[in-house]
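> There's a structure below that I have some questions on.
No value in this document is a laboratory result; all are computed from the given coordinates. Because the structure is predicted, anything quoted here is derived from the model rather than measured. So basically every Cβ, Gly included, is an ideal-geometry build from the backbone, and we count neighbours across all protein chains shown.
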């Protein structure tokens, strides 16, 4: 059994004002891999003066959870041949699982990716822009920005606040449809905890 690894994130992302940072246990990535993912996703969805980015949304936690769960292991994908190149709309047509694609893809960024300038990071990402790794990384970044927080991303609903999305609507009554309503997650609306699908055995 390997030793549990962690990534440190601002405590504000976990609604914890008692301490400035917290350590979140990783399920798939090593700590070094997680730092690479944080840096790469921040270049794909960077923060600016008005809106948060992938780091603030804890996108790395979303990706880590997805890769550790059924999606990462390709539990629900047909994984037998024939193996052919296809159009992107057909999804992953390769032998490699998302876990394998990420493990190999992260090595292409270089171990020093985290310490490079934004311009150099962008250059390295442009080189791999058409690879299955980058395509998955980009999709996962967007998903992690705007998913329900039960899946690990969209910390403090910042992605939904940014675009004005109120969260899942449980009814179509006029007061539920009011545009002034602040965003609420499924757990907040229902008042109970949910087990995310990627956490199922």
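> Defining a contact as two alpha carbons under 8 Å apart and six or more residues distant in sequence, what relative contact order in percent does the range 6-199 show? Mind showing how you got there, number by number?
Numbers: 245 pairs, mean separation 44.8, N = 194.
The normalised contact order for the range 6-199 reaches 23 percent.
> Report the full-extension gain for the segment residue 32 to residue 77: residue separation times 0.36 nm, less the Cα-Cα distance, to one decimal in nm.
Details: separation 45, 0.36 × 45 = 16.20 nm, distance 2.85 nm.
That works out to 13.4 nm of additional length.
> Continuing with this model, one more query. Output the peptides 146-157, 26-37 sorted from most to least packed, where packing is the average of other Cβ atoms within 10 Å over each peptide's residues. Write down the numbers at each step before the final one.
On the way: 146-157: 21.8, 26-37: 19.1.
Answer by packing, highest mean first, reads 146-157, 26-37.
> Further question on the same structure: Nearest 500 deg cm²/dmol is fine: what mean residue ellipticity at 222 nm does the chain get from its DSSP H runs of n ≥ 4 alone, each adding -39,500 (n - 2.57), divided by its residue count? Can you show the working numbers first?
Numbers: 7 runs with 72 residues, N = 201.
My calculation for the chain gives -10500 deg cm²/dmol from helical runs alone.
> Shifting gears a bit: Relative to the first principal axis of the alpha-carbon coordinates of the chain, what is the inclination of helix 118-127, with its axis defined by its Cα atoms, in degrees from 0 to 90 and to the nearest 10?
With rounding to tens, the tilt is 60 degrees.
> Over the Cα atoms of the range 6-199, Rg to Rh with Kirkwood Rh, two decimal places?
Dividing the radius of gyration by the Kirkwood radius yields 0.99.
> Right, another one. If each residue's Cβ is checked for other Cβ atoms within 10 Å, how do 133, 165 rank with the fewest at the top?
Working: 133 21, 165 13.
Listed from fewest to most nearby Cβ atoms, that is 165, 133.
> Order these by the 10 Å Cβ neighbour count, fewest first: 48, 122.
Numbers: 48 7, 122 14.
Lowest count first: 48, 122.
> Okay, moving on. Measure nothing but the geometry: give the 0 to 90° angle between the long axis through the Cα atoms of 59-68 and the longest principal axis through the Cα atoms of the chain, rounded to 10°.
60
> Could you please rank 90, 71, placing first whichever residue has the fewest other Cβ atoms within 10 Å of its Cβ?
On the way: 90 9, 71 18.
Ordered from fewest to most neighbouring Cβ atoms within 10 Å, 90, 71 come out as 90, 71.
> Mind pulling the angle between the C-alpha long axis of helix 31-44 and the longest principal axis of the chain? Nearest 10 degrees, somewhere in 0 to 90.
70
> For the range 25-78 and the range 93-128, what is the separation of their Cα centres, given in Å?
Their Cα centres are 13 Å away from one another.
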